[in-house]
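A short worksheet on the structure shown next.
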Amino acid sequence: MNSPRRLLPPGYDVSVPTMKRGIAAIVCMGLYTLAVGWSTMQLLDNVDRDGDDIAWKSLAMSVLYMAVTGLAAWLTLCLWMSRAKEAVDQRGFTGPTTWKIWLAWFVPLYSIVAPCLVMSDLMVRKRTVWTRLAMIGWWGGWVTCVYLGQFSFLFTADDATERVAQITQIAMMVSYVGVVCVVLLISRDLDRPYKIRNRAGQKWVDASA
């Protein structure tokens, strides 16, 4: 039996490590998480106010900050996913399609599961319990935050609004911790050299192990 060879995939561009783009995405997503928390606090601050007493300027600034950081988070995360896809494809696996990386977030209904499926396709090593928990925390928290926020108008009582806001903040923090873990794990795996035992069977083994 042939001994496994230590290699990087042909054409792998080591000058642009996946981890580098992953950290950029993590920073932008962290800023977005802070923006969501700030906007939520501004909303709660205005719950008991009426008419001219509402701090429209602060509320508008928080929404603008959330929009800008949200766009930056989406852009950097998609750029990281694109880089990870290149690494996955070069290792002989089938990565997610480009349109799913960039546009699946905006397809009605499909967007509920699509980004999570894209992230799952970027994992080249066997999924562990911790990896699965990180994935569940990331996407479960995100879906909870987004859809609970969209239906928050159904809650008219002040105490209900406050509870919804608190749940939204907790869900966003859980989502952020989850995506940080997932991005770091995938980036670490894709930037390492690998041995290959059976290319047809796509059985890659970490060379540093």
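The values are calculated or read from the model by the stated rules, or taken from the named source; none is laboratory data. Since the model is a prediction, treat every value here as computed from it, not as a measurement. Cβ: placed from backbone, ideal geometry, glycine included. Neighbour counts: every protein chain shown.
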Could you check, for segment 86-97, whether at least one of its residues is under 22 Å from LEU31 (Cβ atoms) and not aliphatic (A, V, I, L, M)? no
Going by what's in this entry, would VAL129 be described as surrounded by 13 or more Cβ atoms within 10 Å (Cβ to Cβ) and closer than 23 Å to ARG188 by Cβ? no
Please count how many residues of segment 150-209 are over 21 Å from THR128 (Cβ atoms), modelled with pLDDT of 60 or more and of a type in the set (Phe, Trp, Tyr). 1
In segment 91-104, which residue that is modelled with pLDDT of 90 or more and of a type in the set (Phe, Trp, Tyr) is farthest from THR144 (Cα to Cα)? TRP99
Among VAL124, VAL118, VAL88, which is more than 13 Å from the chain's Cα centre (by Cα) and either at pLDDT 85 or above or surrounded by fewer than 16 Cβ atoms within 10 Å (Cβ to Cβ) (or both)? VAL88
